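Down below is the structure, laid out as structure tokens.
The values are calculated or read from the model by the stated rules, or taken from the named source; none is laboratory data. Note that this is a predicted model, so its numbers are computed, not measured. A quick note on method: Cβ atoms are made from the backbone with ideal geometry, for glycine too, and the neighbour counts reach across all protein chains shown.
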Amino acid sequence: MPEFYQVLAADTVVDMFNKAGPLVKAIMVGLILLSVAGWYVIGFKYFYVRRASKESAAFLDAFWRSKDIEHIYRTAQSLRHSPVAAMFLAGYTELAKVTSDENPDRRHDGLDNINRALRRTQTSEATKLESMVPLLATTGSAAPFIGLFGTVWGILRTFQDISSKGSATLATVGPGISEALLATWIGLLAAIPAVMAYNYFQRRIRVHVSQMNTFEQDYLNIIRRHFLA
């Protein structure tokens, strides 16, 4: 038993990686790259969603406080990361086309065009918010199983070495098993933050989508009352 602990104490993570088989090494490298990609997505989406939230709050404040649609338009143009501001700009463009038409029938039908423009922009903005987030879901679900596959393969390799050498002491089995378990450890290290971040971003994205749905209805009601009455 003391010899086993001495082996583990002497082996660092790098040593265990170097002693692993080629397939297990490839799996661990792949998991490390997946983890790095996941952390990049976490950092990028955190600042993107955070900025979108701040700019949407600023736009909605200007939208409900100001009675000058031109002022709201200029504010929306300056808030390029706000989903609701993008919806307002799309609706404003269609509204300008509708109000310039002197035919009352076509002006009434123009409300459908405004609604379609809002829906298209909402879909586009939701897609931007959700971009790259599925990578976190893939990492969270697949990384532990990939690591487990590396561990199983490493343990099989260890038992093959035992059968060829005819020795099964802890000192001989321990290092091989620890090298194999390193793959599962790396897989969990990649998966846990990815799952937590995925759940966080999904919740924030749902808030934005709900905000866009509410803004769409309010915007259309204002247009009906004040521009297309």
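Let's see how each residue does on (1) among the aromatic types (F, W, Y); (2) within 15 Å of L220 (Cβ to Cβ); (3) part of a helix (DSSP H, G or I):
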{"site": "Y46", "(1), (2), (3)": "yes, no, yes"}
{"site": "A52", "(1), (2), (3)": "no, no, yes"}
{"site": "R74", "(1), (2), (3)": "no, no, yes"}
{"site": "A90", "(1), (2), (3)": "no, yes, yes"}
{"site": "N115", "(1), (2), (3)": "no, yes, yes"}
{"site": "L118", "(1), (2), (3)": "no, yes, yes"}
{"site": "S124", "(1), (2), (3)": "no, no, yes"}
{"site": "K128", "(1), (2), (3)": "no, no, yes"}
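Contact map, region 136-160: first residue within 21 Å of V195 (Cα to Cα) and surrounded by fewer than 17 Cβ atoms within 10 Å (Cβ to Cβ), second residue of a type in the set (S, T, Y) and modelled with pLDDT of 90 or more, Cβ cut-off under 8 Å, separation 6 or more or different chains; pairs are A137/Y198. With (1) in contact (Cβ under 8 Å) with a residue 12 or more places away in the chain; (2) among the hydroxyl-bearing types (S, T, Y); (3) under 26 Å from M132 (Cα atoms) as the list, and T75 as the residue in question, which single condition is left unmet? Status for T75: all satisfied but (3).
Residues of region 150-188 that are hydroxyl-bearing (S, T, Y), in a helix (DSSP H, G or I) and modelled with pLDDT under 75: T158, S163, S164, T172, S178.
Given the condition at pLDDT 90 or above and of a type in the set (G, A, S), answer yes or no: does some residue in region 102-113 qualify?
Looking through region 102-113, none of the residues is at pLDDT 90 or above and of a type in the set (G, A, S).
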